[in-house]
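Reading through the structure tokens given below for one structure.
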Protein chains: 2
Amino acid sequence: MPTYKLMYFNIKGLGESIRWLFAYAGVDFEDQRVSADEWKALKPTMPFNQLPVLEVDGKRVNQSTAICRYLAKQFGLAGKDDWENLEIDAIIDTISDLRTKIVSAAHERVAEAKAEKLKLAEETTELFIGRLEKIVKANGGHLVGGKITWADIIFVATLEIVNPRMGRDIVEKAEGLKALRHKVQSLPGIKAWLAKRPNTEH
Amino acid sequence: MPTYKLMYFNIKGLGESIRWLFAYAGVDFEDQRVSADEWKALKPTMPFNQLPVLEVDGKRVNQSTAICRYLAKQFGLAGKDDWENLEIDAIIDTISDLRTKIVSAAHERVAEAKAEKLKLAEETTELFIGRLEKIVKANGGHLVGGKITWADIIFVATLEIVNPRMGRDIVEKAEGLKALRHKVQSLPGIKAWLAKRPNTEH
């Protein structure tokens, strides 16, 4: 088993999905949480000056979704063939689009731009959650292939990020997605992580 | 060989990278270009109401990057192992981040927000192109693994999208990346596609 170190800030943000995958698999990793002071010195040494970065036996790589896909493959959470992996990747990028629209609206400081972005975030949420709910209902309670994959885990981890920014639970009326959240949060490794992880606001 | 149909608008946009992969591989596909009028009726029938969508033997899937990853695998443009695929995926998402920042700045209509976004686009371009240039030079003229992968093709196809929006050639001073562009554009399938494709402004 390789040695893993995740470098990220002391927030959930783009790092928490990666932590959930380690937790699911019961695989040890160093959960380095970089402070603002440490980041000043560290930033120019990181690939593309960004976090999260994963070190695998000392080799560094950036980009949270790429890291999740790699770990999912190692931990038995990928699809059973190329087509299932395509379906998973499409769902993952769709979730990422939704997340980006919501986070970008929440962070926008220019009033006129923010109003437009909030409207788009609301419309996208309604459409995407409706479609994802249909997919889960047609798929035995999972997003792809009728079984647990990293798409399920990343979706549920993403709800933690987007719900506070929308000021509500965006799956409140989607029974299938609510059941999926309960299922994922009840997985032994995830459940243990939720109980023991550092308590952070974001 | 399956039957492929790409559904997208009559622009390069998010569909052109997919077309380049078919062209590279010499694989036939129906290049359906949806007009604004047709789109009104088609939109609600598409997964997540978006294009591009690829049909493979009639099965539909959305998300351009997911589609490219799948086709790259079928066409021998993926990495040789999980680690190379992780490196490719990280580069692909880094290119996508750069593209998003540039396109988002170009499309922003609110003046104050646009100024901020243009500044971010300039800074990100300088940093990312500098780092990608180092990677290409350390890597035998390619982005990953010292050989052609879909990361090379998507990078070069993306230059067509971002350069007009930046008003300049962003790899002008990056000799390694310029050589990579020349190499990719000279691949027989890509070269033939560039000569025969519909002429579109965007």
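The values are calculated or read from the model by the stated rules, or taken from the named source; none is laboratory data. Predicted, not measured: the structure shown is a model, and the values here were computed from it. Don't worry about glycine lacking a Cβ; one is built from the backbone with ideal geometry, like all the others, and counts go over all protein chains shown.
Before moving on, here are some points about what is shown:
- Being buried (at least 21 other Cβ atoms within 10 Å of the Cβ) and at pLDDT 95 or above holds for only one residue in A:Ala90, A:Ala41, A:Ala113, and it is A:Ala90.
- Members of the stretch A:123-137 that are among the aliphatic types (A, V, I, L, M) and loosely packed, with under 15 Cβ neighbours inside 10 Å: none
- Among the residues listed as A:Arg60, A:Arg99, the single one being more than 9 Å from every other protein chain (Cβ to nearest Cβ) and touching a strand residue (DSSP E or B) at 6+ places or on another chain (Cβ under 9 Å): A:Arg60
- In the stretch B:63-96, the qualifying residues are those that are within 7 Å of chain A (Cβ to nearest Cβ) and of a type in the set (Ser, Thr, Tyr), and the one that is farthest from A:Trp83 (Cα to Cα) is B:Thr94.
- Residue match in the stretch B:17-34 (condition: within 14 Å of chain A (Cβ to nearest Cβ) and either surrounded by fewer than 19 Cβ atoms within 10 Å (Cβ to Cβ) or in contact with a Leu (Cβ under 6 Å, 6 or more places away or on another chain) (or both)): yes
- If the condition is being surrounded by fewer than 16 Cβ atoms within 10 Å (Cβ to Cβ) and under 16 Å from A:Asp81 (Cβ atoms), then the stretch A:138-155 contributes A:Gly146, A:Lys147.
- Yes/no for A:Trp39 being of a type in the set (Phe, Trp, Tyr), more than 14 Å from chain B (Cβ to nearest Cβ) and within 17 Å of the chain's Cα centre (by Cα): no
- Of all the residues in the stretch A:44-56, those that are at the interface with chain B (Cβ under 10 Å from one of its Cβ atoms) and loosely packed, with under 14 Cβ neighbours inside 10 Å number 1.
- Residue check for A:Thr65: within 14 Å of the chain's Cα centre (by Cα), at pLDDT 95 or above and under 23 Å from A:Tyr4 (Cα atoms): yes
- Condition check for A:Val162: within 23 Å of A:Gly140 (Cβ to Cβ), among the β-branched types (Val, Ile, Thr) and surrounded by 15 or more Cβ atoms within 10 Å (Cβ to Cβ): no
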